[in-house]
């Protein structure tokens, strides 16, 4: 089938695959809609109808191709579960390249419409369900009291990894992960309110 005749999901995947490949080859700073269109065998207006900005396209490509582990860590220890989860987040970031995420963040900061769209996508994909499940299991084991985990605390691992990439251009190493878990995430969990009766 000719490239120009593709529609729907097939065309979208071709565009996202092309964007991902180009991000790896030239980096975010040199990514252009024209290059993605040429690689995907489509046109720039077709891409713009789906993703209004380069940042939105790059973020969609990251979501499409970066590895995502869907199972919740269950090592039998709250701390080890959190460390495992953080290490998985860092592996995903490393698969993407910190420069790409930093570039997306910098560009969307200058574009309120792109920032709004990006925040919507991040809110949809970072609900903290893994942290919530980890904390519930720890409470069921009697490791900690039952708590009502605030959404902001549940999002801490993802938010803190993203913050490290944005500020420093790379994700935290193992030593920094342990420090984040021990000094920020665990204390925040232990300070969470108990469920109301």
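Residues are listed down the side, and each one gets a yes or a no for (1) outside the structural domain of residue 139 (by TED's automatic domain parsing); (2) at pLDDT 95 or above; (3) surrounded by 19 or more Cβ atoms within 10 Å (Cβ to Cβ):
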site: 30; (1), (2), (3): yes, no, no
site: 50; (1), (2), (3): yes, no, no
site: 56; (1), (2), (3): yes, no, yes
site: 82; (1), (2), (3): no, yes, yes
site: 87; (1), (2), (3): no, no, no
site: 95; (1), (2), (3): no, no, no
(message) Looking at (1) assigned to a helix (DSSP H, G or I); (2) over 22 Å from the mean Cα position of the chain (by Cα), which one does residue 55 not meet, given that it meets all the others?
(response) (2)
(request) Taking residue 176 as the residue in question, decide whether it is assigned by TED's automatic domain parsing to the domain that holds residue 87, touching a helix residue (DSSP H, G or I) at 6+ places or on another chain (Cβ under 9 Å) and over 21 Å from residue 132 (Cα atoms). (result) yes
(request) Please name all residue pairs, on different chains or six or more residues apart, with Cβ atoms under 9 Å, provided the first residue is in segment 22-50 and is on the phi > 0 side of the Ramachandran plot and the second residue is surrounded by fewer than 16 Cβ atoms within 10 Å (Cβ to Cβ). (result) 27/99; 41/2; 41/3; 41/4
(request) For segment 59-70, state whether one or more residues are touching a helix residue (DSSP H, G or I) at 6+ places or on another chain (Cβ under 7 Å), surrounded by fewer than 18 Cβ atoms within 10 Å (Cβ to Cβ) and modelled with pLDDT of 85 or more. (result) no
(message) Taking the condition of being closer than 21 Å to residue 76 by Cβ and without any contact (Cβ under 8 Å) to a residue 12 or more places away in the chain, how many residues in segment 126-164 meet it?
(response) 4
(request) List the helices (runs of 4 or more DSSP H) that sit entirely inside segment 102-166 and contain at least 2 residues that are under 26 Å from residue 183 (Cα atoms) and modelled with pLDDT of 90 or more. (result) 129-140, 151-154
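The values are calculated or read from the model by the stated rules, or taken from the named source; none is laboratory data. In this text the structure is predicted, and so the values were computed from the model without any measurement. Quick reminder, even Gly has a Cβ in these numbers, built from the backbone with ideal geometry, and neighbours come from all protein chains shown.
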